[in-house]
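A.B. asks: Encoded as structure tokens, here's the structure I'll be asking about.
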Amino acid sequence: MRNVRSIPTTIVLWVVAALYLFPVAWFLLSSFKPGSELFSLPLSILPENWTVSGYSTAWSRFDFQLYFLNTTIVAVVTTVLTVIVSAATGYAFAKYKAWWLRIFFICILATTMLPTEVIMPSSFAVVRDLGLYDTLAGIIVPSIITATGIFMFRQYFSTVPDELMEAARIDGVGEIGLFLRIMLPLAKPMMVVLAIFSFQWRWNDYIWPLLILRDPDRYTLQVALRSIVGADNIDWSVLLSASVISLIPMIILFAIFQRQIMSADINSGLKD
């Protein structure tokens, strides 16, 4: 009887999965279509004439190695610094008692209520005045601190008993050693989760690199893809193929860390 009752729910889940999968399948299969088939009527999901010319043209026309390198540098460096800074800040908010820390934490959380575009003009002015305009550092530095990461670590460290810290202090462990040798290893699952999402955020970031970068040799992958789109004519077959190529690192990342991603529900309701 229980299996019979679960059948409608299973059917609904399969229907929802199909609805999500359909545009992805259309996008992937369209990258193997020649340009003449993309908008021909009647539309068909399967290519009539399979071709990889879009991939070869995209790879030869654009310096993907350079764009992959630039994006990897930004994503990796920002992710490492984001995890370290978020862990240290969250630890301070969770375990040090001071009235101004509570106010500071509320101010950080309040930034989640502001759209990212609201603070971009002031961030751009700071980056420009620091001489970081048109550099990869100009993308990395403003992206290190995220309210999401700080909140995640603060909530996690709040669950660690204070008695553990007192015992370590009695044994002569300093404050820095307490954080690095005891608290940080305990938060390893949280570090992995934040690293995955931070890498994803930075890899897919478009607006901020578009504002900061001017030299094409420093373009990240998403900004470089934007250059494919012309003012009047768009080579859709090349654009689709290049977009699929840009997704390969994220697919590999998901394949390696899919268990952590699927079990990470702590990001619900939070934003970058």
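Readers should treat all values here as calculations from the given coordinates under stated rules, not as data from a laboratory. In this text, all values refer to a predicted model and were calculated from it rather than measured experimentally. With ideal geometry, Cβ positions are generated from the backbone for all residues, glycine too; neighbour counts draw on all protein chains shown.
A.B. asks: Put +1 on the Cβ of every Lys and Arg and -1 on every Asp and Glu Cβ in segment 65-263; which of VAL173, LEU109, PHE197 then has its Cα farthest towards the positive end of the dipole?
C.D. replies: VAL173
A.B. asks: Spin-label point model (7 Å from Cα, Cβ direction): what's the LEU38 to ILE248 distance in nm?
C.D. replies: Modelled inter-label distance: 2.0 nm.
A.B. asks: Shifting gears a bit: Measure out, as a whole number of angstrom, how far apart the alpha-carbon centroids of segment 51-65 and segment 103-158 sit.
C.D. replies: 35
A.B. asks: Calculated from the structure, Cα extents along the principal axes in Å equals which of (i) 61, 48, 32; (ii) 74, 68, 31; (iii) 65, 49, 33?
C.D. replies: (ii)
A.B. asks: So, one more: Under unit Cβ charges (Lys, Arg +1; Asp, Glu -1), what dipole magnitude, rounded to 20 debye, does segment 78-161 have relative to its Cα centre?
C.D. replies: About 460 debye.
A.B. asks: Going highest first, how would you order 39-50, 81-92, 208-219 by mean Cβ packing within 10 Å?
C.D. replies: Those peptides, ordered most packed to least, come out 81-92, 208-219, 39-50.
A.B. asks: Right, another one. Mind ordering 10-21, 244-255 by average Cβ neighbours within 10 Å, highest first?
C.D. replies: 244-255, 10-21
A.B. asks: Please identify the DSSP H helices in the chain that span no less than 30 Å along the helix axis (Cα) and have a mean Kyte-Doolittle hydropathy of 1.6 or more. Don't skip to the end; give the middle numbers.
C.D. replies: Numbers: long enough: 2-30 (42 Å, 1.32); 64-95 (45 Å, 1.38); 236-263 (36 Å, 1.63).
The qualifying helices are 236-263.
A.B. asks: Would you work out the charge dipole size for the chain about its Cα centre, treating the Cβ of every Lys and Arg as +1 and the Cβ of every Asp and Glu as -1, and quote it to the nearest 20 debye?
C.D. replies: The calculation lands at about 680 debye.
A.B. asks: Calculate, for VAL85 and GLU48, the FRET efficiency according to 1/(1 + (r/R0)^6) with r their C-beta to C-beta distance and R0 41 Å; round to the nearest 0.05.
C.D. replies: On the way: r = 52 Å, r/R0 = 1.28.
That pair, VAL85 with GLU48, gives E of 0.20.
A.B. asks: Using a basic spin-label model with each label point 7 Å from the Cα along Cα→Cβ, how many nm lie between ILE207 and VAL160?
C.D. replies: 3.5
A.B. asks: Right, here's the next one. Of the lysine pairs in the chain, how many meet both conditions: Cα atoms under 25 Å apart, and a spacing of 8 or more in sequence or different chains?
C.D. replies: So the count of such lysine pairs works out to 4.
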